[in-house]
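**Q** Below is one structure. I have some questions about it.
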Amino acid sequence: AQTVTQSQPEMSVQEAETVTLSCTYDTSESDYYLFWYKQPPSRQMILVIRQEAYKQQNATENRFSVNFQKAAKSFSLKISDSQLGDAAMYFCALRGSTLGRLYFGRGTQLTVWP
Amino acid sequence: DAGITQSPRHKVTETGTPVTLRCHQTENHRYMYWYRQDPGHGLRLIHYSYGVKDTDKGEVSDGYSVSRSKTEDFLLTLESATSSQTSVYFCAIGAGDRGGEKLFFGSGTQLSVL
């Protein structure tokens, strides 16, 4: 079984500050991928960042970076220099050996205050 | 939006009626997926396709069928809609070197079953 847990239903951050969203997962597979998706009020699902489990180096995409702790099965997302446009629901997702078969967490609603 | 179009964008129907949702892609990707999104559940996989006439079930496939007669179109059918199928439905395509490594989502269809 594969599960993804996001323990923070809501988070908030001041504009220009840094925030970290938590995600833990469980899988019996050795080859897997982890993702963070962003869903703004427009409902569009936007891929933020992806991490291959076999890579030790943490993925980075501009202001977004992850802290991947494989042994602890933890995959947190750090947003630096937060912007008003970062306000959205963020979903952590896990993919095992079946291509495209993602398992999602329940999401964290991020509010950004000016 | 990775060339994905979902139709309709919104639909209201009555219990017991058949409903078909359409997903159209313009980029000739082999892998296509249908997910549903419900509050408190994140996104869950309904069915997926890895080629024309090749489909398989996801974790919440009961009450749904799919068809893929052309690469560009993936149809999701609710044979007899129920209120529990009120949800937002997302189509996704799989892209990447190994096909399906990254998922790109359509804009979603809000379905209400009264």
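The values are calculated or read from the model by the stated rules, or taken from the named source; none is laboratory data. Worth saying up front: this structure is predicted, and the values here are computed from it rather than measured. When we count neighbours, we look across all protein chains shown, and the Cβ atoms used for this are built from the backbone with ideal geometry, even at glycine. When the accessible area is computed, the model is the full protein with side chains, heavy atoms only, and any ligands, DNA or RNA have been set aside. Shrake-Rupley method; radii C 1.70, N 1.55, O 1.52, S 1.80 Å.
**Q** When ligands, DNA and RNA are left out and all protein chains stay put, how many square angstrom of accessible area per residue does chain B have with a 1.4 Å probe?
**A** Accessible surface, normalised per residue, equals 45 Å².
**Q** I'd like the antiparallel share, as a percent to the nearest 5, of DSSP beta bridges with both residues in the stretch B:4-113.
**A** On the way: 40 of 44 bridges.
Here the share of antiparallel DSSP bridges comes out near 90 percent.
**Q** Go through A:Y37, B:F104, A:I79 and say which Cα lies farthest out towards the positive end of the charge dipole of the protein assembly as shown; charges sit on Cβ, +1 for Lys and Arg, -1 for Asp and Glu.
**A** Of the candidates, B:F104 comes out farthest on the positive side.
**Q** OK, next. Averaged over A:87-98, how many beta carbons belonging to a partner chain fall within 10 Å of each residue's beta carbon?
**A** Details: counts 0, 0, 2, 0, 3, 1, 3, 0, 5, 0, 0, 6.
If you average over the peptide's residues, the count of other-chain Cβ atoms is 2.
**Q** What's the average, rounded to a whole number, of partner chain beta-carbon atoms within 10 Å of each residue's beta-carbon in A:38-50?
**A** 4
**Q** How much of the accessible area of chain A, probe 1.4 Å, is carbon plus sulfur, in whole percent?
**A** 46 percent
**Q** Next question, about the same structure. Between A:E61, A:E15, A:E52, where does the largest GNM mean-square fluctuation fall for chain A, given springs only between Cα atoms within less than 10 Å?
**A** Evaluated over chain A, the most mobile residue of the options is A:E61.
**Q** At 10 °C and 1.306 mPa s, what whole-number value in µm²/s does Stokes-Einstein give for the translational diffusion of chain B, with Rh from the Kirkwood sum over Cα pairs?
**A** Reported coefficient: 114 µm²/s.
**Q** Label 7 Å along Cα→Cβ of B:T13; the stretch B:66-87 residues with amide nitrogen under 17 Å?
**A** Residues passing the 17 Å test: B:66-68, B:74-87.
**Q** Relative contact order of chain A, please, whole-number percent, based on alpha carbon pairs below 8 angstrom and at least 6 residues apart.
**A** Taking the mean separation of contacting Cα pairs over the length of chain A, I get 37 percent.
**Q** Taking the DSSP beta bridges in chain A as the whole, what percent of them are antiparallel, to the nearest 5?
**A** Values: 34 of 39 bridges.
About 85 percent, rounded to the nearest 5.
**Q** Averaged over B:105-112, how many beta carbons belonging to a partner chain fall within 10 Å of each residue's beta carbon?
**A** Across B:105-112, the average partner-chain Cβ count within 10 Å equals 3.
**Q** Of B:S7, A:S30, which has the most accessible area with a 1.4 Å probe, and how do the rest follow in descending order?
**A** Correct descending sequence by accessible area is A:S30, B:S7.
**Q** Also, I was wondering about something else. Under a point spin-label approximation (7 Å from Cα along Cα-to-Cβ), what is the B:K57-B:T71 distance to one decimal in nm?
**A** Calculated label separation equals 3.0 nm.
**Q** Which entries in the list B:K11/B:K70; B:K53/B:K102; A:K73/B:K11; A:K78/B:K102; A:K55/B:K53; A:K73/B:K57 go over 30 Å, if you measure between the two C-alpha atoms of each? Walk me through the intermediate numbers first.
**A** Details: B:K11/B:K70 24 Å; B:K53/B:K102 22 Å; A:K73/B:K11 40 Å; A:K78/B:K102 20 Å; A:K55/B:K53 35 Å; A:K73/B:K57 27 Å.
With Cα atoms farther than 30 Å apart: A:K73/B:K11; A:K55/B:K53.
**Q** Turning to a different aspect of this structure: Given the protein assembly as shown reduced to its alpha-carbon atoms as identical point scatterers, what log10 I(q)/I(0) does the Debye formula return at q = 0.09 Å⁻¹?
**A** Log10 of I(q)/I(0), two decimals: -0.37.
**Q** Ok, one more. Kirkwood Rh and Cα-based Rg: tell me the resulting Rg over Rh for the stretch A:3-113, rounded to two decimals.
**A** My calculation puts Rg/Rh at 0.95.
**Q** Could you look at chain B and say what percent of its accessible area is carbon and sulfur, using a 1.4 Å probe and all protein chains?
**A** 47 percent
**Q** So for chain B, averaging the separation of alpha carbon pairs under 8 Å that are six or more residues apart and normalising by length, what relative contact order in percent results? Intermediate values should be presented prior to the final figure.
**A** Working: 303 pairs, mean separation 40.5, N = 114.
Worked out over chain B, it gives 36 percent.
**Q** Between chains B and A, what is the buried accessible area summed over both chains (1.4 Å probe, protein heavy atoms, nearest 100 Å²)?
**A** 2100 Å²
**Q** Given H placed 1.01 Å from N in the peptide plane, which residues other than close sequence neighbours of B:G58 have an amide H under 5 Å from its amide H?
**A** Sorted by chain and number, the residues that satisfy this are B:H47, B:Y48.
**Q** Just tell me which aspartates and glutamates come within less than 17 Å, Cα to Cα, of A:K70; anything on the same chain fewer than 8 places away is out.
**A** Filter leaves A:D26, A:E29, A:D31, A:E52.
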